[in-house]
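A quick write-up on the structure given underneath.
The values are calculated or read from the model by the stated rules, or taken from the named source; none is laboratory data. Owing to the predicted nature of the structure, the values given are computational and were not obtained by experimental measurement. Note that each Cβ is placed from the backbone with ideal geometry, even for glycine, and that neighbours are counted across all protein chains shown. Ligands, DNA and RNA are stripped out before the accessible areas are found, and what is left, the full protein with its side chains, is counted by its heavy atoms. Shrake-Rupley method; radii C 1.70, N 1.55, O 1.52, S 1.80 Å.
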Amino acid sequence: MKRNRLKLEDRLVISMDVGKKSELISECHKIGGLVSTVKLGLEVLYNIGLEAVDVARSFGYRVMLDAKLMDIPNTVNGAARGIAALCPSIVTMHALGGENMLRQAKITLKEESQKRENRPPLLFAVTILTSLDDGDLGRMGFSAGHIDTVTLLAGIALKSGADGIICSPNEVKIIRDRLGTDFLVATPGIRLAGDDRGDQKRVNTPGEAVRAGSDILIVGRSVTQSGDLKGTVEIIKSEIKDALKQ
Ligand code: C5P
């Protein structure tokens, strides 16, 4: 997927962090087709199960499967075969799983999708979770700080065949400066001005994220806890649109 092919409705992915099928159905319904893709992550997958993929698809949404895989290459490769059969449009893996894990998974996703005559999912590599700051990283031995660590991991992931990377809005500009523009960047850690940060530490607004060079904004609580899902989605989309014009 080329960056300039993204439509406005592809640029905002709503994170469905719910634990019940009825809640998933209700949120899919409330969003009312204003975005092309919803994100199904660990909460949905371990509470509702893989059936959630069909639920989201029954509303016409594409699925970003936020599997956040990280294991030895052989194991992730096996998972990639099953994931290709689920046909998500995007799947996530941790860049920290390493070059071989990402490279082999990418090949398997492509081969298995081709066997089924499906488009292979885009592989997005999570760099450093947006809930971690330099203090957290330092205590885990990543003394380079988040900017250099994220850039390093992004470079490794792209070299290993990832189609895109995931980082906070605050690192996008430096990643674009250092690594270029020929890859997709998706950013969680998005908050509308005045919203609660929750557990996220490296956050910014939709407009700032797009101006920095983010292609896809992943937004959960700012939308789902807003009390007006549709209205908030519209606000974020117009913020994205304005930022793209600048
Ligand atoms: O509610 P909020 O907008 O913080 O949700 C962000 C979503 O993005 C969550 O589903 C979370 O799992 C996901 N995510 C993240 N940080 C990453 C990758 C994904 O917060 N690095």
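Quick notes
- Considering the stretch 81-116, and only residues there that are part of a strand (DSSP E or B) and among the aliphatic types (A, V, I, L, M), the residue that is farthest from Arg62 (Cα to Cα) turns out to be Met93.
- Options Ala105, Ala79, Ala125; residue that is open to solvent by 10 Å² or more (accessible area, probe 1.4 Å) and in contact with a strand residue (DSSP E or B) (Cβ under 8 Å, 6 or more places away or on another chain): Ala79
- Across the stretch 196-212, the qualifying residues are those that are open to solvent by 60 Å² or more (accessible area, probe 1.4 Å) and more than 9 Å from the ligand (Cβ to nearest atom), and the one among them that is nearest to Leu132 (Cα to Cα) is Lys201.
- Any hit, the stretch 100-110, residues being modelled with pLDDT of 95 or more, within 16 Å of the ligand (Cβ to nearest atom) and under 29 Å from Asp182 (Cβ atoms): yes
- Selection from the stretch 45-69 of residues that are buried (at least 16 other Cβ atoms within 10 Å of the Cβ) and either among the β-branched types (Val, Ile, Thr) or not in a strand (DSSP E or B) (or both): Leu45, Ile48, Ala52, Val53, Val55, Ala56, Arg57, Tyr61, Val63
- Residue tally, condition within 13 Å of the ligand (Cβ to nearest atom), modelled with pLDDT under 95 and over 15 Å from Leu24 (Cβ atoms), over the stretch 223-233: 2
- Any hit, the stretch 148-157, residues being touching a Gly at 6+ places or on another chain (Cβ under 6 Å) and part of a helix (DSSP H, G or I): no
- Residues in the stretch 158-181 that are in a loop (DSSP other than H, G, I, E, B), under 20 Å from Ala80 (Cβ atoms) and more than 17 Å from the chain's Cα centre (by Cα): Ser160 only.
- For Pro169, the conditions (1) under 20 Å from Leu102 (Cβ atoms); (2) open to solvent by less than 20 Å² (accessible area, probe 1.4 Å) all hold with the exception of (1).
- Test: residue in the stretch 37-44 that is touching a helix residue (DSSP H, G or I) at 6+ places or on another chain (Cβ under 7 Å), open to solvent by 10 Å² or more (accessible area, probe 1.4 Å) and either farther than 17 Å from Ile236 by Cα or assigned to a loop (DSSP other than H, G, I, E, B) (or both): no
- Among the residues of the stretch 213-230, those that are open to solvent by 20 Å² or more (accessible area, probe 1.4 Å), farther than 12 Å from Gly189 by Cα and not in a loop (DSSP other than H, G, I, E, B) comprise Thr224, Lys230.
- Selection from the stretch 1-28 of residues that are within 25 Å of Asp215 (Cα to Cα), open to solvent by 40 Å² or more (accessible area, probe 1.4 Å) and either away from the ligand (no atom under 16 Å from the Cβ) or not acidic (Asp, Glu) (or both): Met1, Lys2, Arg3, Asn4, Arg5, Lys7, Leu8, Glu9
- Only one of the numbered conditions (1) within 19 Å of the chain's Cα centre (by Cα); (2) without any contact (Cβ under 8 Å) to a residue 60 or more places away in the chain; (3) open to solvent by 40 Å² or more (accessible area, probe 1.4 Å) is not met by His94, and that is (3).
- When residues of the stretch 128-147 are limited to those that are in a loop (DSSP other than H, G, I, E, B) and within 16 Å of the ligand (Cβ to nearest atom), the one surrounded by the fewest Cβ atoms within 10 Å (Cβ to Cβ): Met140
- Verdict on Val185 being part of a helix (DSSP H, G or I) and either under 17 Å from the mean Cα position of the chain (by Cα) or surrounded by 21 or more Cβ atoms within 10 Å (Cβ to Cβ) (or both): no
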